[in-house]
Amino acid sequence: MIYHATLFHPDGDFVTDFYRDDKQEIWECVADMGSKWVFYPIIVITTDKAIVDTTDDMKHWNHKHIKTFHNYLKKRWEEDAQTSCDHINNGYPLSDIY
């Protein structure tokens, strides 16, 4: 099975990168990806349709559809973007509020 990193912006926009057949290899690529995380700070490992691995504090999103998470982020951004911005600006992980 092919996995990839899906990197989300808090408004729900996302990009995919690092296509591999091993989830651990993707996490290693993510650790070395440089500043891309600044624009897309929410990182999950996915298949073509579903989230299969996350950071420990976001495990409740495992096995959910990418579209479900995208819609959640988009709705949350529309309702309260300031909270996400405050977390980013203060250096707190966004996973604390998702």
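Go through region 61-98 and give me each residue that's under 16 Å from PHE14 (Cα atoms) and among the β-branched types (Val, Ile, Thr).
ILE66, THR68
Could you list, in sequence order, all residues of region 42-64 that are surrounded by fewer than 13 Cβ atoms within 10 Å (Cβ to Cβ) and either among the polar types (S, T, N, Q) or in contact with a strand residue (DSSP E or B) (Cβ under 8 Å, 6 or more places away or on another chain) (or both)?
Within region 42-64, LYS49, HIS63 meet the criteria.
Can you pull out the residues in region 57-66 that are among the basic types (Lys, Arg) and outside any helix (DSSP H, G or I)?
Matches in region 57-66: LYS64 only.
Quick one: would you say ALA81 is outside any strand (DSSP E or B) and aliphatic (A, V, I, L, M)?
Yes.
Select from region 1-28 the residues that are outside any strand (DSSP E or B) and charged (D, E, K, R) and write down the one among them that is nearest to TYR72 (Cα to Cα).
Ranking the candidates gives ASP11 first.
Filter region 1-22 down to residues that are crowded, with 16+ Cβ neighbours inside 10 Å, over 18 Å from ILE88 (Cβ atoms) and either free of Cβ contacts under 8 Å to residues at least 60 places away in the same chain or in contact with a Gly (Cβ under 9 Å, 6 or more places away or on another chain) (or both), then give me how many there are.
Residues in region 1-22 being crowded, with 16+ Cβ neighbours inside 10 Å, over 18 Å from ILE88 (Cβ atoms) and either free of Cβ contacts under 8 Å to residues at least 60 places away in the same chain or in contact with a Gly (Cβ under 9 Å, 6 or more places away or on another chain) (or both): 5 in total.
Tell me, please, whether a residue that is modelled with pLDDT under 90 and either aromatic (Phe, Trp, Tyr) or part of a strand (DSSP E or B) (or both) can be found in region 38-56.
yes
Do we find a residue being under 13 Å from the mean Cα position of the chain (by Cα) and surrounded by 12 or more Cβ atoms within 10 Å (Cβ to Cβ) anywhere in region 80-94?
For region 80-94, residues under 13 Å from the mean Cα position of the chain (by Cα) and surrounded by 12 or more Cβ atoms within 10 Å (Cβ to Cβ): present.
Give me the residue from region 29-41 that is aliphatic (A, V, I, L, M) and under 28 Å from GLU78 (Cα atoms) and, out of that set, surrounded by the most Cβ atoms within 10 Å (Cβ to Cβ).
Out of the qualifying residues, it is VAL30.
The values are calculated or read from the model by the stated rules, or taken from the named source; none is laboratory data. Note that the structure is predicted; figures quoted are calculated from it, not measured. Cβ atoms come from the backbone with ideal geometry, glycine included; neighbour counts cover every protein chain shown.
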